[in-house]
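Okay, so here's the structure we're looking at.
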Amino acid sequence: MTPPRRQRRSPGQDRSAAPAAPAPSGAPAKEGELRNPERLFVIGGEGGGERADIDLVTLIVARADPPVSATPEQAALLRLCAAPLSVAELSAYLSLPFSVVTVLLTDLLATELVQARAPIVRQKVADRNLLEAVMHGLQKL
């Protein structure tokens, strides 16, 4: 078996044949690429403390503008939450895992920069008066 031959590049040689440099850790990963787990640890911090009791459908609303001391991720989260958004939506918009968003929200809840609201639960059984009003309205058409 013969070893592969290496080609030397001369200074004037076209660099288009060279392999592309890997994306920096801050850049979004393309589909199929792995993200840098160290970056997620830096964003979320140790997370050793207690986390807020929130789930994917909990609505988050900002109570204040981002302070100067906020991290870029926290500032982005606060700007997104001008209108109520679920934690799942925040996770998708920021391209961060749910666990990291939970850690960020726990810090923001502790400093009272955001408010967590339970989602609006609709009644399991519709009101009979409402159903009759809809039925009568449809019959009049």
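The values are calculated or read from the model by the stated rules, or taken from the named source; none is laboratory data. These numbers come from a predicted model, not from an experiment. Here the Cβ is made from the backbone with ideal geometry for all residues, glycine too, and neighbour counts use every protein chain on show.
Worth pointing out:
- First in segment 62-82 and under 16 Å from THR102 (Cα atoms), second anywhere and of a type in the set (Gly, Ala, Ser) and surrounded by fewer than 17 Cβ atoms within 10 Å (Cβ to Cβ), Cβ under 8 Å, 6 or more apart: ALA62/ALA82; LEU78/ALA64
- ILE43 falls short on exactly one of the conditions (1) surrounded by 15 or more Cβ atoms within 10 Å (Cβ to Cβ); (2) modelled with pLDDT of 65 or more, and that condition is (2).
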